[in-house]
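Q: First, the structure itself, so that you have it in front of you.
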Amino acid sequence: MMENAIAWIFIFPLFGAVACALVGMRQSKLCYPISGLSMLGATWAGAETLMQAVQSPVHEVSYILGGWTLDAFPRGVGIEFRADLLGALITLVVLGVGLIVSLYSKLPVREETPGKEPLFYVLFLLQITGLAGICLTGDAFNLYVLIEVAALTGYGLIAMGTNRAAAATFNYLILGTIGASLYLLGVGYLYIKTGTLNMVGVQQVIQANGLMDSPSMQVAFALIGLGILIKMAFFPFHAWLPNAYCNAPTTTSCLLAPLVTKVMIYVMIRMTLTVFGVEFSFESTLWSEFMPWLVVVAIVCAAVMALAQREIKRMLAYLIVAEVGYMVGGVWIYNYYGLIGSIFHIISDACMTLCLFLGAGLILRKAKTTHFDGLRGLFAKMPLTMIGFFVGGFSIIGLPPTCGFFSKWYLITGGMVSQRWEYLVVLMFSTMVMVVLFFRLIERIHLAVNEEGKNLGHGHGDLGLTEEQTRFDEGPLSMLIPLLLAASVVLVIGIYNQDVVNQIELFLEPFDLPKGTGRP
Amino acid sequence: MFEDGAIVNELLVERLNYFIYVVLLLIGLHAMISKRNLIKKLIGMSIFQTAIILFYVSIAVKEEATIPIYKAEHDPHGEVHHHPEKGGEEAEAHHGPVALKDEEIKQYANPLPHVLMLTAIVVGVATLGLALALTQRIYQGYGTIEEDELLTKIERADDRASQSPLKSNQSPSPKKAKGSATAKKATASPSRKSGSASQGKSAAKRKPAKRKPGSGGGKKA
Amino acid sequence: MKLLSLVPVVAVGGLLLFAAQDFPEWGDPASPASTSPVSSHFIQSTGVDTEVPNMVTAVLADYRGFDTMFETVVVFIAGMAVLAILKSSGRRKGKREHEVEAEPDLIVTNTVRLIVPVIQIFAFYVLAHGHVSPGGGFQGGVVMGASFILVALAWDLEVALARFSAEKCILVAALGIVLYGGIGFLSMLLGGEFLDYAELEKVLPVSREMARYHAMLGVEIGVGFTVTAIIFALYANLSTEGRLKGGL
Amino acid sequence: MGVDLFNTFILLLLVAAALTALRARDLITASVVFGVYSFLMCLLWAEMGAVDVAFTEATVGAGVSTVVMVATIFNLKRKSSD
């Protein structure tokens, strides 16, 4: 069982989903425990895989589905699952987030999508299967299939909500399909020149046949890159994200918001480092010249739009777009530290976004609104929720000892070392915006001012609320515990950041990335 | 549209397949972006996907090659030997399947792109089915499948939904739980019937807007 | 708007035509994709590895069986998502534009009565004969699902649902995945990797190659189950807006 | 070298079918013409040696997706503004 740990990662949720479909028709109450158990099993398998990858001498676990050998050059007869340290780390994050959300899902799913619980859990578990598979697969076409698995489940999960959600999903579907199809097209261009689909195999052929300057390869890179940028909601292509996440059912947004965009950034890193290779991605193409500037535009626009929002979920959605800008920037400043920051930020951003969305779900449940003006007195009413929520918020701002501080630290170091001042400035700017955003929220919650700044209270400490409205009234435990769990994960990763960074450094060691100012 | 002497000449004469695939792909992409009707967008999406499939299938073509199914002389269970079918062991004993010689590879088209495209077609039809369901849901909710009309209706609904809960609660007493419940409904589900909680002016405004979707579908020929 | 939408289109088109100059000749047997050891391996050794004459089936269900498993899952997801989206999603207010109230036509129903068994036998043929001729689980499943759609078109959706109810659809679709995943899982339990069908020789009285051959058939049947059920469920839900009553 | 006459003929018909499907104001027409397009595509692939892909496209693209699309359009408005 141990040597197959990597296979158990997708076996658990896949069979769990099927079990939900079979059992759920009669006993919809069983779906919640089934999903929880299969997520628990999958998380165990993910942790085991990570341990194996750490302990193996080459720091990766290779698993060929179907038992084919890969000895021939180039590899690619069978489909390979490859868990190197990066893949295993991100997989564990995906599974961990899935586990926490599946614990959280009990009440919101029953209340928001009555009669559809089995369908919800089927799609939920398959979503996890798809996302975890994306992180592990070593085959470019298999990646496409898994992207579509994750995308289709995502459409279904979002559109389960209101009619408004369905309308938002349609846009998401059109853009998502364009993105995935462009990726598929790019893989075709790769295949026409290299004759293999295995990621390592492609890299071997590029090295062996000297395909650095081939126009087809350049176009393949551009198409794949463009497709992934659309899927990750990078700034000009972000239009689908806020509407989709804001109108989705609570559990859906808690699952999708932390994971989908982050996993796509992982795919981008995978493509640049493993498939095309550092030399091709950063030196043969012009991407490292213009991407940092696009990132600057993206972060500024997203931050300004976040500032204009009056609703928590919508504000968080724009923050995600800004965070995507951070991570893309960290990759394309082409620097060792920038890449460490980027990878670490994937992990920490997943955790803190999870925190924020879980918190927002609880707020929506108790305060019946996520509009800023409806939040007065919430701290007195639900202190634990607000603590969990603001741990996530402080992590987004980047206050120590939360994990957001450390990942941002590496991003800033990367920007400084590679002398990308524009990136640094824009990081500082967006940090300022986030400070404003979250302290404005704190103000709303603690003080009694309304939209026009008019004081509704009658003096110091008076919120203008009745006794009833400030009475201690926490959300249900099945939702509160996952939130606090997520908040503690944010803190724990922050405190033990060096261990995570060590693994990332081990992963990045073989790639010859510039560590100093030596930008070509 | 793509005037560039040498390239066009080369494309039209030598690589018509590649050229047509690009044309189809662009037709599909343009339809997805600029058509207002949602069904038209979906037709565009399907054209876009089939264009990509055409491209992959073109990769697999080899001149003078046949379809990727073994001819009788290469068939592991072929008619050449005298023990057709039956258990593998028996057949193997007399005439085991043999690997093809290198020069024989040219006789068959490349099977790999075909396999990939089978998967892509399936993914395409799955996406189409899901998108059609979404279209129906949108039509139920908003009574239109034209994007521009849809946008105005959604905007109107969003304006109602994003009102500050303070404002909508102000005129009656802010303490009533009923008021906040209405605000929640409007936030979470702007298009669902916003219930009985009478909100005076705003409710009166809401009603006619609600009715409209029905009248769109109710037209009789 | 119209002009603006041309910008990405022209950009993508330019990109693609730029790459086309670099492509191998059309149908060139010496192109990298055709000479690559990967594709050569499939052509050369499919017979030796699996004894399946149709290379596409062998690559689909065995070499790249993992893709195909998720392809089946994608179909399953589509069915579940359509159910989730349309289920009790509120009534339409107006009447349908083309409400047809007609008795089933005598000629049509009798023709369909004749045709449906033939179609279904053809579906089984396509599924089972996929190893030696074009076809396989997916195509067979679609043909099978289409036969139920035909019944629904000729009579009424109720008549078709009486033969293949919505609950059965979910059941059969899930069973298809269980069959596919189960075969892969069983080969893992027997000591191989996931989907390593050769290990099934330990439970089947055949050689390693023939174990692959037979496992592929099992897998294709799984695909056929899922696809049949979901294709019909798609039609049933989409034609009635998820109410499963009335129909076209 | 290159493409033979049959191939060229189908390729041109394909473009025509795609444009017609997108121009038709009546959605039922559009989806039926789209079925034609799929079937032409299937012919082309069969001619190029991709029999399995052609078979799938014939059953799925020309068959089921057209039926499903028509079934959907019956529940929607049939006219399109563009």
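Q: State, to one decimal in nm², a quarter of the convex hull surface area for the C-alpha atoms of the protein assembly as shown, i.e. the direction-averaged projected area.
A: Working: hull surface 165.1 nm².
Over all viewing directions, the protein assembly as shown projects a mean Cα-hull area of 41.3 nm².
Q: In whole Å and largest first, what semi-axes does the C-alpha gyration tensor of region A:51-140 yield when each eigenvalue is scaled by 5 and square-rooted? Intermediate values should be presented prior to the final figure.
A: Details: eigenvalues 232, 51, 12 Å².
In descending order the semi-axes read 34, 16, 8 Å.
Q: Build a GNM of chain C with springs between Cα atoms under 10 Å: which of C:P29, C:P117, C:P205 gets the top mean-square fluctuation?
A: C:P29
Q: I need the semi-axes of the equivalent ellipsoid of chain A: take the C-alpha gyration tensor, multiply each eigenvalue by 5, square-root it, list largest first in whole angstrom.
A: Working: eigenvalues 279, 149, 79 Å².
Square roots of five times the eigenvalues give 37, 27, 20 Å.
Q: With unit charges on the beta carbons (Lys and Arg positive, Asp and Glu negative) and the dipole taken about the Cα centre of the protein assembly as shown, which residue among B:T152, C:Y125, A:T49 sits farthest to the positive side?
A: Among B:T152, C:Y125, A:T49, the one farthest towards the positive end of the dipole of the protein assembly as shown is B:T152.
Q: What is the angle, in °, between the Cα long axis of helix A:421-446 and the longest principal axis of the Cα atoms in chain A? Nearest 10 is fine, range 0 to 90.
A: Rounded to the nearest ten degrees, it is 30.
Q: Round to the nearest 10 and give me the degree value, 0 to 90, for the angle of helix A:163-194's Cα axis relative to the longest principal axis of chain A.
A: Result, in degrees: 10.
Q: Please report the spacing between the Cα centers of region A:252-312 and region C:183-200 in Å, no decimals.
A: 39 Å
Q: For chain C, build the convex hull from the C-alpha positions and give me its volume per residue in Å³.
A: 206 Å³
Q: Also, quick follow-up: Ratio of Rg to Rh for region A:127-285, alpha carbon only, Kirkwood?
A: On the way: Rg = 16.2 Å, Rh = 16.0 Å.
Over the Cα atoms of region A:127-285, Rg/Rh equals 1.02.
Q: I've got another one for you. Using the Karplus curve 6.51 cos²θ - 1.76 cosθ + 1.60 with θ = phi - 60°, what ³J(HN,Hα) values do you get for each residue of region A:366-383, in whole Hz, with x for Gly and Pro?
A: 8, 8, 6, 7, 10, 5, 3, 6, x, 9, 4, x, 5, 5, 5, 6, 9, x
Q: Please state the relative contact order of chain C as a whole percent: Cα pairs under 8 Å, 6+ residues apart? Numbers along the way, then the final one.
A: Values: 296 pairs, mean separation 60.4, N = 248.
So the answer I get is 24 percent.
Q: Once you have the alpha carbon radius of gyration of region A:1-96, what is it after dividing by 2.2 N^0.38 Å, with N set to its residue count?
A: On the way: Rg = 15.7 Å, N = 96, 2.2 N^0.38 = 12.5 Å.
Expressed relative to 2.2 N^0.38 Å, the Cα Rg reads 1.26.
Q: Given a cut-off of under 8 Å on Cα pairs at least six residues apart, what relative contact order in percent is computed for chain D? Walk me through the numbers before you get to the answer.
A: Values: 77 pairs, mean separation 26.4, N = 82.
Taking the mean separation of contacting Cα pairs over the length of chain D, I get 32 percent.
Q: What is region A:286-520 by shape, rounded, prolate or oblate, if you read a ≥ b ≥ c off the alpha carbon gyration tensor as root eigenvalues and call it rounded for a/c under 1.5, prolate for a/b larger than b/c, and oblate otherwise? Don't jump to the answer; show the numbers that get you there.
A: Working: a/c = 2.98, a/b = 1.87, b/c = 1.59.
It is prolate, given that a/c is not under 1.5 and a/b is the larger ratio.
Q: Ok, one more. I'd like to know how region D:24-77 sits against the 2.2 N^0.38 Å rule of thumb: what's its Cα Rg over that expected value?
A: Details: Rg = 12.3 Å, N = 54, 2.2 N^0.38 = 10.0 Å.
Normalised by 2.2 N^0.38 Å, the Cα Rg of region D:24-77 equals 1.23.
Q: Which value at 222 nm does chain D reach when only helices count, each DSSP H run of 4 or more adding -39,500 (n - 2.57), with the total divided by all residues and rounded to the nearest 500 deg cm²/dmol? Numbers along the way, then the final one.
A: Values: 4 runs with 56 residues, N = 82.
Counting only the DSSP helices, I get -22000 deg cm²/dmol.
Q: Next up: Once both axes come from the Cα atoms, what is the angle between helix C:137-154 and the longest principal axis of chain C, in degrees from 0 to 90, rounded to 10?
A: Value to nearest ten degrees: 10.
Q: Using a Gaussian network model on chain C with a 10 Å cutoff between Cα atoms, which of C:G182, C:G13, C:G192 fluctuates the most?
A: C:G13
Q: In addition: If you take the alpha carbon radius of gyration of region A:245-381 and divide it by 2.2 N^0.38 Å, what ratio comes out, to two decimals?
A: Numbers: Rg = 17.3 Å, N = 137, 2.2 N^0.38 = 14.3 Å.
Cα Rg divided by the expected 2.2 N^0.38 Å: 1.21.
Q: Also: Give me, ordered by chain and number, the residues 5 or more places off B:Y108 or on other chains with an amide H under 5 Å from its own placed amide H.
A: B:T66
Q: Based solely on its DSSP helices, what 222 nm [θ] is calculated for chain C when runs of n ≥ 4 H residues each add -39,500 (n - 2.57) and the sum is averaged over all residues, nearest 500 deg cm²/dmol?
A: On the way: 10 runs with 167 residues, N = 248.
The helix-only estimate for chain C comes to -22500 deg cm²/dmol at 222 nm.
Q: Taking chain C as a Gaussian network, Cα atoms linked when under 10 Å apart, which of C:V82, C:V108, C:V223 shows the biggest mean-square fluctuation?
A: Among C:V82, C:V108, C:V223, the largest mean-square fluctuation in the Gaussian network model of chain C belongs to C:V108.
Q: On to the next question. How high is the relative contact order of chain A, in percent, counting Cα pairs under 8 Å that sit 6 or more residues apart? Present the calculation step by step, with values, prior to reporting the outcome.
A: Numbers: 898 pairs, mean separation 73.6, N = 520.
Averaging sequence separation for qualifying contacts and normalising by length gives 14 percent for chain A.
Q: From the square roots a ≥ b ≥ c of the eigenvalues of the alpha-carbon gyration tensor of region A:97-194, which class results: rounded (a/c under 1.5), prolate (a/b over b/c), or oblate?
A: Working: a/c = 3.89, a/b = 1.75, b/c = 2.22.
Verdict is oblate for region A:97-194.
Q: Rounded, prolate or oblate: pick one for region A:298-351, where a ≥ b ≥ c are the square roots of the eigenvalues of its C-alpha gyration tensor, a/c under 1.5 means rounded, and failing that, prolate if a/b is larger than b/c, else oblate.
A: Details: a/c = 4.79, a/b = 1.91, b/c = 2.50.
Here region A:298-351 falls in the oblate category.
Q: What longest range of chain C stays clear of loop-exposed GluC sites (Glu not before Pro) (DSSP non-H/G/I/E/B, at most 13 other C-beta within 10 angstrom)? List each step's numbers first, then the result.
A: Details: sites that count: C:E25, C:E99, C:E101.
Segment C:102-248 is the longest.
Each value in this text was obtained by applying a stated rule to the coordinates, not by laboratory testing. Note that this is a predicted model, so its numbers are computed, not measured. Ideal geometry is used to build each Cβ from the backbone, glycine not excepted, and the neighbour counts take in all protein chains shown.
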